[in-house]
1. Quick one: residue A:470 ticks every box in (1) modelled with pLDDT of 95 or more; (2) more than 30 Å from residue A:558 (Cβ to Cβ) bar one, so which box is it?
2. Run residue A:301 past the list (1) open to solvent by 20 Å² or more (accessible area, probe 1.4 Å); (2) more than 10 Å from DNA strand C (Cβ to nearest atom) and report the number of the one that doesn't hold.
3. Output yes when any residue across the range A:370-379 is in a helix (DSSP H, G or I), surrounded by fewer than 19 Cβ atoms within 10 Å (Cβ to Cβ) and within 9 Å of DNA strand C (Cβ to nearest atom), and no when none is.
4. Exactly one of (1) free of Cβ contacts under 8 Å to residues at least 24 places away in the same chain; (2) assigned to a loop (DSSP other than H, G, I, E, B); (3) more than 11 Å from DNA strand C (Cβ to nearest atom) is unmet by residue A:258. Its number?
5. Condition first: in a helix (DSSP H, G or I), without any contact (Cβ under 8 Å) to a residue 24 or more places away in the chain, surrounded by 15 or more Cβ atoms within 10 Å (Cβ to Cβ) and within 13 Å of DNA strand C (Cβ to nearest atom). Can you find one or more residues in the range A:233-240 that meet it?
6. Determine whether residue A:536 is surrounded by 16 or more Cβ atoms within 10 Å (Cβ to Cβ), part of a loop (DSSP other than H, G, I, E, B), among the hydrophobic types (A, V, I, L, M, F, W, C) and modelled with pLDDT of 95 or more.
7. Return only the number of the condition from (1) surrounded by 14 or more Cβ atoms within 10 Å (Cβ to Cβ); (2) within 30 Å of residue A:97 (Cβ to Cβ); (3) within 12 Å of DNA strand C (Cβ to nearest atom) that residue A:437 does not satisfy.
8. In the range A:261-277, which residues are within 13 Å of DNA strand B (Cβ to nearest atom) and not in a loop (DSSP other than H, G, I, E, B)?
Amino acid sequence: MPSRSGPSDAPRWCVLGRVPGGGVARGRVAAVEVDAAGERSAPIPIATAELPAFVAARERSAPRWVWSDTPSWYPRLLEAGVRIERCHDLRLCHAILSRSEAVPDRGPLLAAARWEAGPGAGEGEPAESALFEIETPEDAPGAVPHDLDAALEEFDRQRAALAACVDPGRLGLLVAAESAGALVAAEMAAAGVPWDAAEHDRLLSAALGPRPARGAKPVRLLELAEEVRAALGDPRASLDSPPKLLRALRSAGIDVESTSRWELAEHEHPAIRPLLRYKKLSRLLTAKGWAWIDEWVRDGRYHPVYVPGGVVTGRWASSGGGALQLPRQLRPALRADPGWVLVSADVAQLEPRVLAAMAADGAMAAAGSGRDLYSGLVEQGIVGTRQEAKIAVLGAMYGSTTGDSGRLVPRLRRSFPAAMRLVDTAAAAGEQGGVVSTWLGRSSPRPGDEWEELQARASLPGATSRDESRARRAAREFGRFTRNFVVQGTAAEWALAWLAELRLRLARLPSPTSAESIAPARASGPAFERQPHLVFFLHDEVMVHAPEGQAAAVAAAVRESAEAAGRLLFGSAPVDFPLELRIGERALKE
DNA sequence: GACTTGAGCGCG
DNA sequence: AAAGCGCGCTCAAGTC
């Protein structure tokens, strides 16, 4: 029992929400403190303009802030220079808990339909905040409720759901990590990726020719298009429309079914080489060309929009700007401010390592221990080359049955029976329309109605062989999805734990001395931008922007966080997660 | 004219 | 070379 005095009296949670008030259409804010026993304080009214000050003051006792939806609350606090350590994002946690098979009774959560808003629902452009005024989140169609009462009720439901779990620790870890991810996403969006627009422009010009006038095509693309048309003997061939291009190719005697890169590459014809080059450059121009710089880069920063929990497996998605699709070709444009460096790290073969840990497959863990896992497979004589190892391992996790990959998978089944049993079991569940769960308890969605109908029709007496084969194909397809779900989803959990740990460790680094901390180019940015901070995250890769003098400390924090993530998820399992770490002015790989 | 769909390709 | 998983974005074509 907690004593009635001393530190245990500190509130564990602080729930924020809107309250109706004073005829102000937008309402006011209030906070309710909740202690470890679930006892609530009376609502503490807060004038919206005072919210950052209130949060900053309460943050000294390090509560976990509970709110409807991180993007609705946190950006305004960050703008006001206030950062928090921990939160509980009700929307994200609802999505996990209301679907998790680890929760015995999901009824109350499922009945709370207002919390079912999808990622980013009703977000849109944040309303322009009036000068010197912090606004409360606005209701938008499809958005989660932001009211205090609704938040308190939902928080109770979620705490009850967690408490009822057989192993509340795992789901508890997941909702904490998911919420920490939401904080990281908001902070990275606010800080932005340090982006060298001039370097980006140089890379574009080198590949495409100088920036053309609006609406015109770069000269290099025009030249290549002419070359293709000449080779095809068709001066009017269109390269930008797949159907038209396909007709042009076929009438030039190139026998292809589609205009995709890999199929074109199989044919010998003078038009192929310039065409592939054209496609490559055209892609660069439309996805990440000059228009992208104009739209997404300001003051030396690219401000992406991350969507935590945006993928069914728990991976992040992004929206706008293609944050998770930055072409490797443009990585040199990611550049630290003067006097600062980028500390980047990625995990080698994260997914197979996670699989080995989940399945407690000692042989597979040993193959990856302290080295490249694929080389480990070669050294153990399981496959002949590193390339074969990669194909086999990916095939095992994705469920391939044909080609080189399908042929190599059986070797893994002999060498790593425990790991293969885990993914095979997950696939079998999916083929029967079942649900699987990640290590920490995120559960997969059920197949849709169409899928169920397909299966039902195939088992009817009058089913044709076509019905049966279609149903079988759909079943296997869903089996490949659930097979991959457990691995991709657990890898996402490991990465979230890594990110959450790293965020806290970076915040606890000693403040840079003024000699170390040359202010970043964008001095107007959030206050935390003057310390080492995360600027990029891509599934199994992180990047920290840091003063040069703190690079070593940051690198250590990155490594320690990875070790901590492994321990948090898998305890003492003998699986390691080696990092490839780089420190430099630019983000270059290979 | 506004919206959806599919091809194709960028990322892991 | 591309098969096997998960995404977002752009353009052209199809639909209303």
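The values are calculated or read from the model by the stated rules, or taken from the named source; none is laboratory data. Bear in mind that the values here come from a model prediction, so they are computed numbers and not experimental data. Neighbour counts are summed over all protein chains in view; Cβ atoms, including those assigned to glycine, are modelled from backbone coordinates with ideal geometry. For accessibility, only protein heavy atoms count, side chains too; no ligands or nucleic acids. Shrake-Rupley method; radii C 1.70, N 1.55, O 1.52, S 1.80 Å.
1. Against the list (1) modelled with pLDDT of 95 or more; (2) more than 30 Å from residue A:558 (Cβ to Cβ), residue A:470 comes up short only on (1).
2. (1)
3. We begin by selecting, within the range A:370-379, every residue in a helix (DSSP H, G or I); these are A:373-379.
Retained after the next criterion (residues that are surrounded by fewer than 19 Cβ atoms within 10 Å (Cβ to Cβ)): A:375, A:378-379.
If we keep only those that are within 9 Å of DNA strand C (Cβ to nearest atom) too, we end up with none.
No, there is no match, as no residue in the range A:370-379 is in a helix (DSSP H, G or I), surrounded by fewer than 19 Cβ atoms within 10 Å (Cβ to Cβ) and within 9 Å of DNA strand C (Cβ to nearest atom).
4. Exception for residue A:258: condition (3).
5. Step one: of the range A:233-240, the residues in a helix (DSSP H, G or I) are none.
Scanning the range A:233-240, I find no residue that is in a helix (DSSP H, G or I), without any contact (Cβ under 8 Å) to a residue 24 or more places away in the chain, surrounded by 15 or more Cβ atoms within 10 Å (Cβ to Cβ) and within 13 Å of DNA strand C (Cβ to nearest atom), so the answer is no.
6. So residue A:536 does not fit the description; no.
7. (3)
8. A:261, A:262, A:263, A:264, A:272, A:275, A:276, A:277
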